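The next block holds one structure in the form of structure tokens; read it before the comments.
The values are calculated or read from the model by the stated rules, or taken from the named source; none is laboratory data. Because the structure is a prediction, the values reported are computed rather than measured. Here the Cβ is made from the backbone with ideal geometry for all residues, glycine too, and neighbour counts use every protein chain on show.
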Amino acid sequence: MQNSSVSILIPFKNTAHFLAACLDSILEQGYGEWEVLAVDDHSTDGSFELLQQYVGKDSRIKVFTNEGEGIIPALRTAYKNSAGGFITRMDSDDIMKPNRLQFMVDALITAGKNHVSVGQVKYFSDRGISDGYERYEKWLNRLTSSGENYGEIYKECVVPSPCWMVYREDLELCGSFESNRYPEDYDLTFRFYEKGLKIIPCNEILHLWRDYDSRTSRTHEHYAQNYFLDIKLHYFLKLDYDKNRPLVVWGAGFKGKTIAKKLLEQDVDFVWLCDNPQKIGKKIYGKALAHFQALEQLTNPQSIITVANEEAQKEIKHFLSRLKQEPMRDFFFFC
């Protein structure tokens, strides 16, 4: 018989100001078969004491001290102590919509194993949401509404870290939290992709995502751009790169140069393209840059595109479409 309990893993550190709202939103869930595994990552602000008060109110809430330091060891500690047949994450500064757990459990039971249930998200903040976060929210929700999240996985994390749920067996299949690679949510999303877990489409906002200046994703070095590029290139070379096809890198900005340098360090040959007249023919890291039309001289190439400008991306897509090239097979946008 299927274990229908949900284990909610919550790493926390110095979020006492937001924890009550987070925990209250869990207590208000329509679905009652859950347990909270909250792990204190060495807080100094009274967060642990606040959690202990909630433990006294409801036996489904359990609190532990991180056996290591950081989010990944905290998730391992939480998962090790969990017993639910379904596993989900929650950020200690966010809020669940009242129907979130019921909606996600129902979605997984209907779809069966080898699926990931996700929800749409909405950012909120006392000072308003920046244009960047608003664009990310719209982009992520657009993908989630159709379940086509993996189609743009090399751009950004396509599964919201605090709003997914899977069967325990599927999380085990994907290596649970054994990986040491940050950002840990993006790495796990790539492992869902690698193991073929299908995304269940969702049109419901299930999670309220709080934004503020001291958020971990804003302040910790593990969420800097170079970490994202490391993950993208690691999984591209592992999962989608065809060694029998010529590899092309588009763009010579920060991301393009970072990717080029990492490819050179790994002895992966590539052709480097750009459309900047001042850079064409020049060498960076000993590698000459060519005009993008050089792509037409290559037989069956694969392209990593690091050009961020939206208009330029449209032009590149049009150019590649004219050459009968397909996204996520022949070309991959890294931004």
Filter the stretch 229-247 for residues that are more than 25 Å from residue 189 (Cα to Cα) and in contact (Cβ under 8 Å) with a residue 24 or more places away in the chain; which is surrounded by the most Cβ atoms within 10 Å (Cβ to Cβ)? 246
Of the criteria (1) crowded, with 16+ Cβ neighbours inside 10 Å; (2) not in a loop (DSSP other than H, G, I, E, B), which one residue 145 fails: (1)
What strands (runs of 3 or more DSSP E), lying completely within the stretch 228-335, carry at least 1 residues that are under 21 Å from residue 153 (Cα atoms)? 247-250, 302-305, 331-333
If residue 314 passes every condition in (1) among the basic types (Lys, Arg); (2) within 30 Å of residue 149 (Cα to Cα); (3) in contact with a strand residue (DSSP E or B) (Cβ under 6 Å, 6 or more places away or on another chain) but one, which one does it miss? (3)
When restricted to 119, 151, the only residue touching a strand residue (DSSP E or B) at 6+ places or on another chain (Cβ under 9 Å), of a type in the set (Gly, Ala, Ser) and surrounded by fewer than 19 Cβ atoms within 10 Å (Cβ to Cβ) is 151
List pairs: first residue in the stretch 105-119 and at positive phi, second residue crowded, with 19+ Cβ neighbours inside 10 Å and not charged (D, E, K, R) anywhere in the structure, Cβ distance under 7 angstrom, at least six positions apart or on different chains. 114/197
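For the stretch 154-162, indicate whether the set of residues that are touching a Pro at 6+ places or on another chain (Cβ under 9 Å) and closer than 23 Å to residue 229 by Cα is non-empty.
Narrowing the stretch 154-162 to residues touching a Pro at 6+ places or on another chain (Cβ under 9 Å): 157, 161.
Those left that are additionally closer than 23 Å to residue 229 by Cα: 157, 161.
Checked against the condition, which is being touching a Pro at 6+ places or on another chain (Cβ under 9 Å) and closer than 23 Å to residue 229 by Cα, the stretch 154-162 yields at least one hit.
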Please specify each residue of the stretch 225-254 satisfying the condition of being among the basic types (Lys, Arg) and within 26 Å of the chain's Cα centre (by Cα). 232, 238
Looking only at the stretch 83-94, decide whether some residue is within 18 Å of residue 9 (Cα to Cα) and assigned to a helix (DSSP H, G or I). no
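Of the residues 132, 128, 196, only one is modelled with pLDDT under 95 and either surrounded by 14 or more Cβ atoms within 10 Å (Cβ to Cβ) or in a loop (DSSP other than H, G, I, E, B) (or both); which?
Of 132, 128, 196, the one residue that is modelled with pLDDT under 95 and either surrounded by 14 or more Cβ atoms within 10 Å (Cβ to Cβ) or in a loop (DSSP other than H, G, I, E, B) (or both) is 128.
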Of the conditions (1) under 24 Å from the mean Cα position of the chain (by Cα); (2) closer than 22 Å to residue 135 by Cβ, residue 257 fails just one. Which one is it? (2)
Extreme residue, surrounded by the fewest Cβ atoms within 10 Å (Cβ to Cβ), among residues of the stretch 59-108 that are farther than 22 Å from residue 119 by Cβ and among the basic types (Lys, Arg): 80
Residue 56 fails exactly one of (1) in a helix (DSSP H, G or I); (2) surrounded by 14 or more Cβ atoms within 10 Å (Cβ to Cβ), namely (2)
When only residues in the stretch 95-107 that are among the charged types (D, E, K, R) and outside any loop (DSSP other than H, G, I, E, B) count, which is nearest to residue 122 (Cα to Cα)? 100
Over the stretch 97-119, the set of residues of a type in the set (S, T, N, Q) and within 13 Å of residue 165 (Cα to Cα) is 102, 114, 117
List pairs: first residue in the stretch 148-166 and assigned by TED's automatic domain parsing to the domain that holds residue 210 and within 16 Å of residue 6 (Cα to Cα), second residue of a type in the set (Phe, Trp, Tyr) and crowded, with 23+ Cβ neighbours inside 10 Å anywhere in the structure, Cβ distance under 6 angstrom, at least six positions apart or on different chains. 165/86
